[in-house]
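A.B. asks: Before I ask anything, let me first share the structure, which is written out below as C-alpha coordinates.
The values are calculated or read from the model by the stated rules, or taken from the named source; none is laboratory data. Predicted, not measured: the structure shown is a model, and the values here were computed from it. Ideal geometry is used to build each Cβ from the backbone, glycine not excepted, and the neighbour counts take in all protein chains shown. Note: areas computed on protein heavy atoms with side chains; ligands, DNA, RNA excluded. Shrake-Rupley method; radii C 1.70, N 1.55, O 1.52, S 1.80 Å.
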Amino acid sequence: MVKIVENSQREMRIETLIKEKGFSDAIALFGDDGSVDIVVKSPNLTSAQIAQITDIVARQANVAIDKIHIKNIF
(Lines give C-alpha, C1' and ligand atoms only; values in the text may rest on other atoms or scores of the structure.)
Protein backbone atom coordinates (compact mmCIF):
# COMPACT_ATOMS: atom_id res chain seq x y z
CA MET A 1 0.00 0.00 0.00
CA VAL A 2 2.83 2.39 0.87
CA LYS A 3 4.48 1.78 -2.51
CA ILE A 4 1.27 2.64 -4.34
CA VAL A 5 0.96 5.93 -2.45
CA GLU A 6 4.64 6.79 -3.05
CA ASN A 7 4.31 6.05 -6.77
CA SER A 8 1.15 8.15 -6.97
CA GLN A 9 2.93 11.10 -5.37
CA ARG A 10 5.90 10.75 -7.73
CA GLU A 11 3.55 10.52 -10.72
CA MET A 12 1.80 13.74 -9.71
CA ARG A 13 5.13 15.52 -9.12
CA ILE A 14 6.46 14.43 -12.53
CA GLU A 15 3.24 15.47 -14.28
CA THR A 16 3.36 18.90 -12.63
CA LEU A 17 7.00 19.47 -13.59
CA ILE A 18 6.35 18.47 -17.20
CA LYS A 19 3.34 20.80 -17.40
CA GLU A 20 5.54 23.62 -16.05
CA LYS A 21 7.72 23.14 -19.14
CA GLY A 22 4.81 24.30 -21.31
CA PHE A 23 2.90 21.13 -22.11
CA SER A 24 -0.87 21.38 -21.70
CA ASP A 25 -1.20 17.88 -20.26
CA ALA A 26 0.96 14.94 -19.22
CA ILE A 27 0.42 11.56 -17.62
CA ALA A 28 3.07 9.51 -15.81
CA LEU A 29 2.56 5.82 -15.09
CA PHE A 30 4.91 3.55 -13.15
CA GLY A 31 5.13 -0.04 -14.36
CA ASP A 32 5.62 -3.09 -12.18
CA ASP A 33 8.97 -3.69 -13.89
CA GLY A 34 10.38 -0.33 -12.73
CA SER A 35 9.72 1.47 -15.98
CA VAL A 36 7.96 4.82 -16.33
CA ASP A 37 5.64 5.64 -19.21
CA ILE A 38 5.05 9.30 -20.02
CA VAL A 39 2.29 10.49 -22.32
CA VAL A 40 2.40 14.16 -23.30
CA LYS A 41 -0.23 16.12 -25.17
CA SER A 42 1.69 17.60 -28.08
CA PRO A 43 1.54 17.29 -31.86
CA ASN A 44 5.24 16.38 -31.90
CA LEU A 45 8.25 16.35 -29.58
CA THR A 46 11.66 17.78 -30.34
CA SER A 47 14.80 16.07 -29.14
CA ALA A 48 15.29 18.93 -26.65
CA GLN A 49 11.80 18.37 -25.20
CA ILE A 50 12.41 14.64 -24.93
CA ALA A 51 15.68 15.34 -23.12
CA GLN A 52 13.90 17.71 -20.70
CA ILE A 53 11.19 15.16 -19.93
CA THR A 54 13.72 12.35 -19.57
CA ASP A 55 15.76 14.46 -17.14
CA ILE A 56 12.69 15.27 -15.03
CA VAL A 57 11.62 11.62 -14.85
CA ALA A 58 15.11 10.28 -14.16
CA ARG A 59 15.63 12.71 -11.28
CA GLN A 60 12.17 12.42 -9.73
CA ALA A 61 11.70 8.67 -10.14
CA ASN A 62 15.32 7.63 -9.76
CA VAL A 63 15.13 5.30 -12.76
CA ALA A 64 17.56 4.53 -15.58
CA ILE A 65 17.03 6.36 -18.85
CA ASP A 66 16.37 3.10 -20.72
CA LYS A 67 13.35 2.51 -18.43
CA ILE A 68 11.68 5.79 -19.48
CA HIS A 69 9.23 5.63 -22.39
CA ILE A 70 7.86 8.90 -23.77
CA LYS A 71 4.95 9.14 -26.19
CA ASN A 72 3.07 12.12 -27.55
CA ILE A 73 -0.59 12.32 -28.50
CA PHE A 74 -2.63 15.14 -29.96
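A.B. asks: Answer with yes or no whether Asp66 is of a type in the set (D, E, K, R), open to solvent by 40 Å² or more (accessible area, probe 1.4 Å) and in contact with a Lys or Arg (Cβ under 8 Å, 6 or more places away or on another chain).
C.D. replies: Working: of a type in the set (D, E, K, R): yes; open to solvent by 40 Å² or more (accessible area, probe 1.4 Å): yes; in contact with a Lys or Arg (Cβ under 8 Å, 6 or more places away or on another chain): no.
Against the criterion (of a type in the set (D, E, K, R), open to solvent by 40 Å² or more (accessible area, probe 1.4 Å) and in contact with a Lys or Arg (Cβ under 8 Å, 6 or more places away or on another chain)), Asp66 does not qualify.
A.B. asks: Considering the range 13-28 alone, what residues qualify as being modelled with pLDDT of 95 or more and surrounded by 14 or more Cβ atoms within 10 Å (Cβ to Cβ)?
C.D. replies: Selection gives Arg13, Ile14, Glu15, Leu17, Ile18, Lys19, Ala26, Ile27, Ala28.
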